[in-house]
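Inspection log for the structure reproduced underneath, given as structure tokens.
The values are calculated or read from the model by the stated rules, or taken from the named source; none is laboratory data. All values reported here derive from a predicted model rather than from experimental measurement. Using ideal geometry, Cβ is built from the backbone for each residue, glycine included, and neighbour counts are taken over all protein chains shown. Just so you know, the surface numbers come from the protein's heavy atoms only, side chains and all, with ligands and any DNA or RNA stripped out. Shrake-Rupley method; radii C 1.70, N 1.55, O 1.52, S 1.80 Å.
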Amino acid sequence: MKQTTFILLLFCVIGLLSCRKDKIEPTIKQYDQQQILNYIKVHGLTNMVRDTVGGDTTGIYYEILSPGNTAHRLQYPSLISLVYTLRTLDGVYTSIDTINNHFYDYLGHIATDNLPLGLQTALINDLKYSGGRMRVLIPSHLAYGVNGTGSGSSQVANNRITGNECLDYYINVVDSQPVYDDLVINNYMKNNSLTGYTKITTGTGAGTYYKVLTVPTGTDIIDSSKTITYTATGQLLNGIIFNNQNVSGVTNSGDVDNLYVGIQQAMYASQASVGTKISILLPSALGIGTTSSTGTDQNNNSVTIPANSCMRFTFIIDTVTP
């Protein structure tokens with residue numbers, strides 16, 4: 001009886017070991033690679049190259065879309081302006097608003113600013129130069145790992161990247177912020193059928209666009225010594241309002257020289273006065289500049305204004321006083 005029991009136990013152990021051997025789970029790097037290779041095949045991404053810097057260990061795949069400025073090598077001490085779009089490989093999460101998706105910080109801070117370590121690695125290893133553009137597929141172990149990131153649930157999928165998700169990034173490292181801003185503003189005008197704007201090309205207001213929508217009824221021209229009352233709306237170029245001072249019956253007051261430099265220069269150049277309604281498109285350096293900020297939308301909710309954001313303002317001038 002004991003011998004029979006021993007033989008049965010032996011067969012059970014052998015059976016269990018056999019099952020375990022047949023069902024060896026892949027490592028996370030193997031899993032990531034299979035997901036990325038399947039994605040490349042399904043989407044016909046024939047120009048993708050595997051990152052082989054350091055012995056082919058990252059699992060990153062990339063395509064250089066524009067090589068950039070070879071005089072400006074990306075290094076960890078580099079202060080960079082980055083614009084990007086993002087998708088998970090399963091297509092559940094997308095973030096394609098390049099007006100909102102800005103990064104301005106040192107290259108070595110990318111991972112600590114809640115962007116993937118793999119993005120930082122790809123910029124150093126593969127893109128290499130400021131002004132370059134690339135598409136990069138980042139394995140989950142160099143992204144947000146098993147925990148994922150963001151808030152939400154299965155019912156609010158696009159608020160969260162789930163665990164073990166590989167990522168598809170388009171990256172643009174801005175080499176000249178004024179040149180990039182001018183491109184953004186012109187694309188915005190084209191896409192929104194905005195015509196008749198005048199560009200300021202010299203002086204401290206260079207790069208600002210303005211259009212007088214309603215001619216002034218007053219004759220006291222605005223200059224830096226004046227105080228004005230006005231209603232105004234400020235918004236990002238994706239339509240998000242961040243400065244809603246256009247509430248009916250509410251008039252705002254302030255010295256002209258406390259406004260953004262670009263707004264001041266547009267008012268001077270247009271010879272704005274009482275009754276003027278003016279639309280102004282600001283490059284980032286003449287608005288918020290390189291420091292992000294917060295504002296308030298039309299529902300009195302707090303909104304983020306990313307660093308290096310171009311802006312659109314509409315002002316109606318009510319009074320002008322010395």
Please tell me if M267 is closer than 15 Å to G207 by Cα, out of contact with any Gly (no Cβ under 8 Å at 6 or more places or on another chain) and surrounded by 20 or more Cβ atoms within 10 Å (Cβ to Cβ). yes
State all residues of segment 117-144 that are in contact with a Lys or Arg (Cβ under 9 Å, 6 or more places away or on another chain) and outside any strand (DSSP E or B); if no residue qualifies, say none. L127, K128, S130, P139, H141
Hey, G163 among the small types (G, A, S) and touching a residue at least 24 places away in the same chain (Cβ under 8 Å) or not: no
Is there any pair with a first residue in segment 306-322 that is among the aromatic types (F, W, Y) and a second that is open to solvent by 10 Å² or more (accessible area, probe 1.4 Å) whose Cβ atoms are under 6 Å apart and which are 6 or more apart or on different chains, and what are they? F315/Y230
Which pairs have Cβ atoms under 6 Å, sit 6 or more apart or on different chains, and link a residue in segment 280-298 that is open to solvent by less than 20 Å² (accessible area, probe 1.4 Å) to one that is among the aliphatic types (A, V, I, L, M) and at pLDDT 95 or above? I280/I263; I280/A266; L281/I185; L282/M311; G287/M311
Can we say K29 is modelled with pLDDT under 95 and either loosely packed, with under 13 Cβ neighbours inside 10 Å or part of a strand (DSSP E or B) (or both)? no
Just to be sure I understand the filter: pairs with C-beta atoms under 8 Å, separated by 6 or more residues or on different chains, first member in segment 34-56 and closer than 18 Å to L127 by Cα, second member among the polar types (S, T, N, Q) and part of a loop (DSSP other than H, G, I, E, B). Which pairs pass? D51/T58
Look through segment 91-114, keep the residues that are part of a strand (DSSP E or B) and of a type in the set (S, T, Y), and return whichever of them is farthest from L74 (Cα to Cα). T94
Neighbours by Cβ (under 8 Å, 6+ apart or cross-chain): first from segment 70-85, over 16 Å from N172 (Cβ atoms); second among the basic types (K, R) and crowded, with 17+ Cβ neighbours inside 10 Å: R73/K128
Among the residues of segment 67-90, count how many are outside any loop (DSSP other than H, G, I, E, B) and surrounded by fewer than 13 Cβ atoms within 10 Å (Cβ to Cβ). 2
Before we move on, is N114 among the polar types (S, T, N, Q), open to solvent by 30 Å² or more (accessible area, probe 1.4 Å) and touching a Ser or Thr at 6+ places or on another chain (Cβ under 8 Å)? yes
Restricting the search to segment 39-53, which residues are within 15 Å of P139 (Cα to Cα), open to solvent by 60 Å² or more (accessible area, probe 1.4 Å) and either in contact with a Phe, Trp or Tyr (Cβ under 7 Å, 6 or more places away or on another chain) or not in a loop (DSSP other than H, G, I, E, B) (or both)? V49
Any chance segment 174-185 includes a residue that's under 22 Å from the mean Cα position of the chain (by Cα), over 29 Å from T296 (Cα atoms) and surrounded by fewer than 20 Cβ atoms within 10 Å (Cβ to Cβ)? yes
Suppose the filter is modelled with pLDDT of 85 or more, in a helix (DSSP H, G or I) and more than 17 Å from S140 (Cα to Cα); does G15 pass it? no
